[in-house]
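What follows is a single structure, written as structure tokens, with notes after it.
What follows draws every value from the coordinates through simple rules; no lab data is involved. On a predicted model such as this, the values are computed, not experimentally measured, just so you know. Reconstructed Cβ throughout: ideal geometry from the backbone, glycine too, with neighbour counts over all protein chains shown.
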Amino acid sequence: MTAKNTICLWYDGDAEEAARFYAETFPDSAIGRVTRAPGDYPAGEQGDVITVDFTVLGIPCLGLNGGSTFQHSEAFSFQVATDDQEETDRYWNAIVSNGGAESMCGWCKDKWGLSWQITPRVLTEALSHPDPAAAKRAFAAMMEMQKIDIAKIEAALAGD
């Protein structure tokens with residue numbers, strides 16, 4: 001059964017490669033139907049992969065090989081909540097080491113230009129801490145980071 005709402009992500013001919021990477025990297029992720037073009041189209045030829053149904057962390061997606069007309073931007077990102085530093089490091093390193101790029105405050109981009117926020121739950125909780133001074137210290141610490149360092153967020157919360 002097809003999901004009622006599916007995120008459609010535009011790729012330049014490599015939607016299947018991206019879907020395979022996501023399925024291998026994240027739990028509750030898989031590749032579904034791969035559809036080949038029944039005829040030539042502006043970005044490809046008959047028989048080329050035109051769409052790939054896949055899930056990322058349980059979220060239904062459709063990868064569309066639409067060509068180079070549109071690029072991903074930070075206006076859309078996947079935010080992945082992590083439970084500890086090992087999980088944070090695993091996802092961050094998988095994305096960045098596979099041709100991706102680091103950014104600030106837990107953001108990175110995969111090699112297809114899709115943005116990811118690898119966000120430890122500790123950070124999310126710290127930013128809404130009932131003590132505004134502690135939340136401000138955690139926020140200031142985050143603003144200096146690329147990949148989030150949980151120990152530094154916890155130290156900032158404690159005022160260390």
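What percent does the relative contact order of the chain come to when contacts are Cα pairs within less than 8 Å and at least six residues apart?
Details: 313 pairs, mean separation 28.9, N = 160.
Reported relative contact order: 18 percent.
With springs only between Cα atoms under 10 Å, which of Gly13, Gly32, Gly100 fluctuates most in a Gaussian network model of the chain? Taking springs between Cα atoms under 10 Å, the residue moving most is Gly32. In the frame of its principal axes, the range 108-160 has Cα extents of 39, 18, 14 Å, reported largest first. Computed across the range 72-160, the Kirkwood radius stands at 13.1 Å (inverse of mean 1/r, all Cα pairs).
The peptide list 40-46, 135-141, put in order of mean Cβ contacts within 10 Å with the highest first, becomes 135-141, 40-46. A simple charge model with +1 on the Cβ of Lys and Arg, -1 on the Cβ of Asp and Glu and nothing else charged puts the dipole of the chain at about 320 debye relative to its Cα centre. Each residue in Ser115, Ser68 was given a count of other beta-carbon atoms within 10 angstrom of its own, and listing them fewest first yields Ser68, Ser115. Against the main long axis of the alpha-carbon atoms of the chain, helix 15-25 sits at an angle near 40°. Here the convex hull built on the C-alpha positions of the chain has a volume of 121 cubic angstrom per residue. The magnitude of the dipole of the range 72-160, with charges of +1 and -1 set on the Cβ of Lys/Arg and Asp/Glu and taken from the Cα centre, is near 280 debye. The residue among Trp116, Ser68, Leu127 whose Cα reaches farthest toward the positive pole of the charge dipole of the range 35-143, with charges on the beta-carbon of Lys, Arg, Asp and Glu, is Leu127. Within straight-line reach of Lys147, meaning a Cα separation under 21 Å, sit the following lysines at least 8 residues removed in sequence or on another chain: Lys109, Lys111, Lys136.
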